[in-house]
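Below: one structure, written as C-alpha cells.
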Ligand SMILES: [Zn+2]
C-alpha cells in the first residue's frame, strides 16, 4: 500500500495532476481513508490478499490550502476516489490579509519568492472543510498553528494536538481520525506522538516508504511526497518506491526514537 503526500494543487497545474492520476489509476487502486483502513485489516489477517489486485493508493494533502478544495478534491472525485486533507485551524481562521503572511511565514518557509497567485495563498474556510467531509473526504489534523512539534514546549502540545482536533471536529461534525505532523521526518517527539495516538486512529509521517500492512503500524504511516509539478519520470520513480531505500535508515531511526518496533512476522 502507498500513501502520497501533496502540497500545492494550483489551478494552473490541474492538467498535470490529472495526467499523474491517470497514470496512477492504471497501476494502483485509488482508495479513500476508510477503505485504506479496511484493506489494512484484511491484509493483516489474510497475507495473500495484496497480490491479487493492484496495490491500494491513498492521496493526502497538507495545510488545507484553498486550491486543494477547488482543484484536488474535484479531480479526485472525477477518478471515483476521495482524499485526506490535513488542515491547520489557525490558518483557517486568518482573514485574507493575514492568510498570505501566515502561509509564507508558517507553512511554506522555503524563503523562495512567492509562487502562488494572491488568491490561492489562503486556506479553505470552515464551510469548505465541512463540505469536503460531506462529500466523503477525510479531514485530518495538521496541528493548530503549523508548529514544529519537536521544538515546541510540552505545555503547548495539548493545544496544538487536542484543541486542534476539537476545532476541526466542530467544523465537520465528525471524529478526526488522522493526524499528520508538520515539516520534516524527525519533527516529532515521543511525548507528542503518544498524545497524537490518544486522540487519533492514524498518524502519518512525512517520510517515504511503502506501507507494509503486517509490519507497520497505523500510528506511523509512511508517506511519499509527490507534487503535481513532478514530471512523469520523477513521479513514476517515486510511485515505484525507488527512493525508499534511501529513507530506510530514517524510518528505522524514527521507529526506534518513538518506540514503535516493527511487528514481528
Ligand atoms: Zn504542512
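Out of all the residues in region 143-160, is one or more within 21 Å of residue 101 (Cβ to Cβ), within 16 Å of the ligand (Cβ to nearest atom) and touching a strand residue (DSSP E or B) at 6+ places or on another chain (Cβ under 7 Å)? The answer is no; no qualifying residue exists.
Among the residues of region 211-223, those that are surrounded by fewer than 22 Cβ atoms within 10 Å (Cβ to Cβ) and under 17 Å from residue 84 (Cα atoms) comprise 218, 219. Within region 142-156, residues that are in contact (Cβ under 8 Å) with a residue 40 or more places away in the chain and farther than 8 Å from residue 182 by Cα sit with their Cβ atoms under 6 Å from residues that are assigned to a loop (DSSP other than H, G, I, E, B) and away from the ligand (no atom under 16 Å from the Cβ), at 6+ positions apart or across chains, in these pairs: 150/189. Residue 187 passes every criterion in (1) more than 26 Å from residue 34 (Cα to Cα); (2) modelled with pLDDT under 95 apart from (2). For region 94-117, the set of residues classified as touching a helix residue (DSSP H, G or I) at 6+ places or on another chain (Cβ under 7 Å) and surrounded by fewer than 17 Cβ atoms within 10 Å (Cβ to Cβ) consists of 114 only. Considering only residues in region 211-233 that are part of a strand (DSSP E or B) and out of contact with any helix residue (DSSP H, G or I) (no Cβ under 7 Å at 6 or more places or on another chain), the one that is nearest to residue 168 (Cα to Cα) turns out to be 221.
Would you point out the residue of region 178-199, among those that are within 16 Å of the ligand (Cβ to nearest atom) and touching a helix residue (DSSP H, G or I) at 6+ places or on another chain (Cβ under 8 Å), that is farthest from residue 139 (Cα to Cα)? Steps first, answer last, please.
At the first step, the residues of region 178-199 found to be within 16 Å of the ligand (Cβ to nearest atom) are 178-188, 192, 196.
Okay, now just the ones that are also touching a helix residue (DSSP H, G or I) at 6+ places or on another chain (Cβ under 8 Å), so 178-179, 181, 185-186, 188, 192, 196.
Working: 178: 7, 179: 9, 181: 14, 185: 21, 186: 23, 188: 21, 192: 20, 196: 15 Å.
Within region 178-199, the match that is farthest from residue 139 (Cα to Cα) is 186.
Evaluation of residue 208 against the conditions (1) crowded, with 22+ Cβ neighbours inside 10 Å; (2) more than 15 Å from the ligand (Cβ to nearest atom); (3) touching a residue at least 40 places away in the same chain (Cβ under 8 Å); (4) in a loop (DSSP other than H, G, I, E, B) shows that the sole unmet condition is (3). Here 164, 133 are screened, and the one residue that is under 13 Å from residue 84 (Cα atoms), in contact with a strand residue (DSSP E or B) (Cβ under 6 Å, 6 or more places away or on another chain) and at pLDDT 95 or above is 133. Restricting region 170-205 to residues that are in a helix (DSSP H, G or I) and out of contact with any strand residue (DSSP E or B) (no Cβ under 9 Å at 6 or more places or on another chain), which is surrounded by the most Cβ atoms within 10 Å (Cβ to Cβ)? Going through the qualifying residues, I end up with 192. Pairs meeting the criteria (first residue in region 180-193 and at negative phi, second residue near the ligand (Cβ under 9 Å from one of its atoms), beta carbons under 6 Å, at least 6 apart or on different chains) are 180/86; 180/142; 182/143; 182/146; 185/206; 187/181; 188/181.
Only one of the numbered conditions (1) modelled with pLDDT of 95 or more; (2) within 16 Å of the ligand (Cβ to nearest atom) is violated by residue 8, and that is (1). Please verify whether residue 171 is away from the ligand (no atom under 16 Å from the Cβ) and in contact (Cβ under 8 Å) with a residue 40 or more places away in the chain, treating the condition exactly as stated. Against the criterion (away from the ligand (no atom under 16 Å from the Cβ) and in contact (Cβ under 8 Å) with a residue 40 or more places away in the chain), residue 171 qualifies.
The values are calculated or read from the model by the stated rules, or taken from the named source; none is laboratory data. These numbers were taken from a predicted model, which means no experiment stands behind them. Quick reminder, even Gly has a Cβ in these numbers, built from the backbone with ideal geometry, and neighbours come from all protein chains shown.
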